[in-house]
Amino acid sequence: MYLCQGLSTYRIARVTGLDRQKVTRMLRRAGVSLRARGTGRLRPLRREDPPGLPRLLAGLYEAGRLSSPQIAAITGIPDRTVRDRLRRYGITIRTRGGWNREDRRIIPAEVLDQLYSELGMTADEVGRRLGASRSTVLRSAHALGVPVRVGGAVPDQGPEEIELVAALYADSLVAAVVRLHDIPKVPPGAPVWVRFPVPVPLSAPLVKDLYWGCGTGLTHIELLTGQPAMTVRGFMRREGIPLRHPGGRTPFLRRWRATPSP
């Protein structure tokens with residue numbers, strides 16, 4: 001059974017009614033060399049994928065923005081097989097979970113230029129007009145390189161608008177950390193998942209240097225690494241890195257705001 005028919009010790013135990021461990025001991029006493037677990041058994045022939053499956057999956061996943069469970073429900077292919085085929089066909093897999101970078105809403109730059117820059121609407125007013133949150137408006141503006149007005153009390157000197165990505169790279173402390181940890185400099189102009197197709201891996205020294213050493217916020221770290229702000233927060237909680245008290249500007253923004261206007 002084991003050598004000629006290729007049955008596993010589990011199958012032999014079911015056929016003979018013996019305990020599987022006893023089957024294994026009997027084979028070893030007989031001098032039979034046992035195969036590694038899971039190898040050598042008879043396997044069903046793998047069927048070829050339908051010719052149009054790569055195009056179908058690409059259309060549903062990339063153009064339709066459907067998830068792999070939704071594609072599985074439509075096609076009848078198991079969810080795990082769908083994700084396996086996506087990788088096999090070279091289709092980039094989106095990040096999973098509630099902090100998915102690719103499925104975030106992005107407000108186009110021309111809309112922000114018209115409503116926020118030209119008409120002078122606030123981020124809250126733009127959000128109400130478009131049915132989006134204030135954070136979505138500001139995040140889109142920062143990612144696309146749209147200058148954002150500085151809120152709060154405005155001191156006598158200092159710039160009144162900030163292009164956040166450019167300001168981060170121009171800061172001497174941030175620039176030193178970027179060089180130290182070999183983080184690529186990616187200019188604004190696209191959503192974060194386009195700027196960083198593969199996010200920069202987080203490490204405790206990197207996050208501590210950016211958050212406490214440079215005084216950046218969670219959103220700033222997202223713009224520098226491509227990791228969602230909530231992912232950074234969860235990483236800090238797991239690593240025991242404390243958060244600053246909420247409210248007010250970050251040390252980076254206070255430092256940037258103190259620079260005189262050109």
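The values are calculated or read from the model by the stated rules, or taken from the named source; none is laboratory data. Worth saying up front: this structure is predicted, and the values here are computed from it rather than measured. So basically every Cβ, Gly included, is an ideal-geometry build from the backbone, and we count neighbours across all protein chains shown.
Worth pointing out:
- Condition check for Val178: within 23 Å of Val146 (Cβ to Cβ) and modelled with pLDDT of 95 or more: yes
- Any hit, the stretch 92-110, residues being part of a helix (DSSP H, G or I), touching a helix residue (DSSP H, G or I) at 6+ places or on another chain (Cβ under 7 Å) and not acidic (Asp, Glu): yes
- Selected residue (criterion: farthest from Val194 (Cα to Cα)) from residues of the stretch 234-245 that are under 18 Å from the mean Cα position of the chain (by Cα) and surrounded by 15 or more Cβ atoms within 10 Å (Cβ to Cβ): Met236
- Candidates Arg87, Arg134, filtered to the one that is under 30 Å from Asp49 (Cβ atoms), at pLDDT below 90 and surrounded by fewer than 17 Cβ atoms within 10 Å (Cβ to Cβ): Arg87
- Residue in the stretch 219-251 that is nearest to Arg139 (Cα to Cα), counting only those that are among the hydrophobic types (A, V, I, L, M, F, W, C) and assigned to a helix (DSSP H, G or I): Leu223
- Of all positions in the stretch 196-209, at least one carries a residue that is over 17 Å from Phe235 (Cα atoms) and surrounded by 13 or more Cβ atoms within 10 Å (Cβ to Cβ).
- Count - residues of the stretch 178-218 that are part of a loop (DSSP other than H, G, I, E, B) and under 18 Å from Thr231 (Cβ atoms): 14
- Trp193 being more than 20 Å from Ala143 (Cβ to Cβ), assigned by TED's automatic domain parsing to the domain that holds Val165 and aromatic (Phe, Trp, Tyr): no
- Checklist (1) over 24 Å from Ile106 (Cβ atoms); (2) at pLDDT 90 or above applied to Ser261, failing item: (2)
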